[in-house]
Amino acid sequence: MHSRLLRRPQFVAAAMLLLMLGACTTVERRQTQLQYDLGYPAARAAAAAPARSSPVPVSVSEISAPSWMDSTRMYYRLDYDNPLEAHTYAQARWTMAPSRLFLQRLKARVSEAGGGVLGGGDGAVGVPRLRIEADDFSQVFSAPKVSTARVAMRVSVLQDRKLIAQRTFTTSAPAPTPDAAGGVHALALASDAMIADMIAWLSTLPLAR
């Protein structure tokens, strides 16, 4: 009797439907993307080196970045295989473009260090303006299970349309795990270290106060 029921079309269709639903659920779970940012500013700022002195108020506009960085994709390179080829994580994304995440962190840190931060369009007279160009923000693997975060930014300081100083900053930090989560952790640390260096550098410039 039981074998006859299993051979009926409705029972076969129901069984197939359950299998399809289970497969869809599994695929959906696998395709779920994780979204990352650089963490809470206060927690990261405490881990970063403090500025040597409070900077002057500055005006910061948007960070200029190459097209491959102007998205939420998370990039990594396999230096041990082909350093000229860029890869992206399929199941991990930034919450916004990394240049915008870095800009948020920079503004927060400058404020915490005692300096004022104005938007690029505020047009305050005599306030130094920062022009930042991003060159790199990625995770680089030197071996299959060994990777490092690399951040590179070029900063120009202008006051009354005059170039006061320019410097290229590069920082790196080892990733604790060879995956997207490890890369995010290392990129956050490298970003905080770079911002601390930027603030200390700004404090040494001959800017009007």
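For the subset of the stretch 150-190 comprising residues that are out of contact with any helix residue (DSSP H, G or I) (no Cβ under 7 Å at 6 or more places or on another chain) and among the hydroxyl-bearing types (Ser, Thr, Tyr), which member is farthest from ALA65 (Cα to Cα)?
Restricting to residues being out of contact with any helix residue (DSSP H, G or I) (no Cβ under 7 Å at 6 or more places or on another chain) and among the hydroxyl-bearing types (Ser, Thr, Tyr), the top hit is THR177.
Can you find a residue that is in a helix (DSSP H, G or I) and modelled with pLDDT of 55 or more anywhere in the stretch 71-84?
Our first condition is that a residue be in a helix (DSSP H, G or I); within the stretch 71-84, this holds for none.
Scanning the stretch 71-84 turns up no residue that is in a helix (DSSP H, G or I) and modelled with pLDDT of 55 or more.
With the structure loaded, tell me whether ARG8 is open to solvent by 70 Å² or more (accessible area, probe 1.4 Å) and either at pLDDT 80 or above or more than 21 Å from LEU207 (Cβ to Cβ) (or both) or whether it fails that test.
So ARG8 passes the test.
Looking for something of a type in the set (A, V, I, L, M), under 16 Å from the mean Cα position of the chain (by Cα) and farther than 21 Å from LEU34 by Cα - is there at least one such residue anywhere in the stretch 122-145?
Our first condition is that a residue be of a type in the set (A, V, I, L, M); within the stretch 122-145, this holds for 124-125, 127, 130, 132, 134, 140, 143.
Right, trim to under 16 Å from the mean Cα position of the chain (by Cα) and you get 132, 134, 140.
Now drop any that are not farther than 21 Å from LEU34 by Cα, which leaves 132, 134.
Yes: the stretch 122-145 contains one or more residues that are of a type in the set (A, V, I, L, M), under 16 Å from the mean Cα position of the chain (by Cα) and farther than 21 Å from LEU34 by Cα.
The values are calculated or read from the model by the stated rules, or taken from the named source; none is laboratory data. This is a predicted model, so every value here is computed, not measured. With ideal geometry, Cβ positions are generated from the backbone for all residues, glycine too; neighbour counts draw on all protein chains shown. Surface accessibility is based on the protein's heavy atoms, side chains included, excluding ligands, DNA and RNA. Shrake-Rupley method; radii C 1.70, N 1.55, O 1.52, S 1.80 Å.
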